[in-house]
Amino acid sequence: MPSPGYFTDARTLNENNAMNVNVFLAAAKLGVGRIVWTSSEATGGYPFGPASPPRYLPVDEDHYPYPRSAYALSKVVGETMAEHVSSWSGIPIIALRPSNVFDAGDYPKIPSYWDDPLIRAVNLWDYVDARDVAQACRRALLAPVTVLGYPPS
């Protein structure tokens, strides 16, 4: 499920986590070298607004976890599963949290946001270019990493 609102909360939570656990456990069983996957900025409290402001700004790693939907909860549970499977399998599992991915067709819309800053407050005015997300994925595949808690004592 790419975001909340497509299906019921239960279906979103169950299907996202079934997919994640199947991939993580299969990777552990097969001994793959690394997993890079996308979680979500929703883990930190997105979407924000007058009724649901962030705990503080700027949002950082200490703001996590702060799920406000079943979708966000599925991502927090997925990250927690990844951490545990990684620790006992020794396989690095790297979660990226891209927010509001823009491609070339999205940039012409930006000036339309300038008249009303509240239009983009829901995601704290952030975006990331799709090319940068692709580069982050590639770099995550190649970066030296250490698996926390591995090998088990």
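The values are calculated or read from the model by the stated rules, or taken from the named source; none is laboratory data. These numbers come from a predicted model, not from an experiment. Because the Cβ atoms are built from the backbone with ideal geometry, glycine has one as well, and the counts that use them run over all protein chains shown. Note: areas computed on protein heavy atoms with side chains; ligands, DNA, RNA excluded. Shrake-Rupley method; radii C 1.70, N 1.55, O 1.52, S 1.80 Å.
Note on Thr146 and Asp103: their simple-model spin labels are 3.9 nm apart, each label 7 Å out from Cα toward Cβ. Mean sequence separation of contacting Cα pairs (under 8 Å, at least six apart), scaled by the length of segment 1-130, corresponds to a relative contact order of 32 percent.
May I ask for the percentage of alpha-carbon pairs in segment 19-153 that lie more than 19 Å from each other?
59 percent
Measuring nothing but how far apart in sequence close Cα pairs (under 8 Å, 6+ apart) lie, relative to its length, segment 90-153 scores a relative contact order of 51 percent. With each label modelled as a point 7 angstrom along the Cα→C-beta vector, the Glu83-Val122 pair spans 2.9 nm. The trypsin sites (Lys or Arg not before Pro) of segment 48-88 meeting both criteria, a DSSP state outside H, G, I, E and B (loop) and at most 13 other C-beta atoms within 10 angstrom of the site's C-beta, are Arg55. Computing FRET efficiency as 1/(1 + (r/R0)^6) for Ala134 and Arg68, where r is the C-beta to C-beta distance and R0 is 22 Å, gives about 0.20.
Overall size of segment 1-46 from C-alpha positions, given as principal axis extents largest first: 35, 21, 12 Å. Measuring with a 1.4 angstrom probe and ignoring ligands and nucleic acids, Trp125 comes out at about 130 Å² accessible.
Counting only heavy atoms of the protein chains, get the accessible area per residue of segment 97-145 (1.4 Å probe) and round it to a whole Å² value. Don't skip to the answer; put the middle values down first.
Details: 3450 Å² over 49 residues.
On a per-residue basis, segment 97-145 sits at 70 Å².
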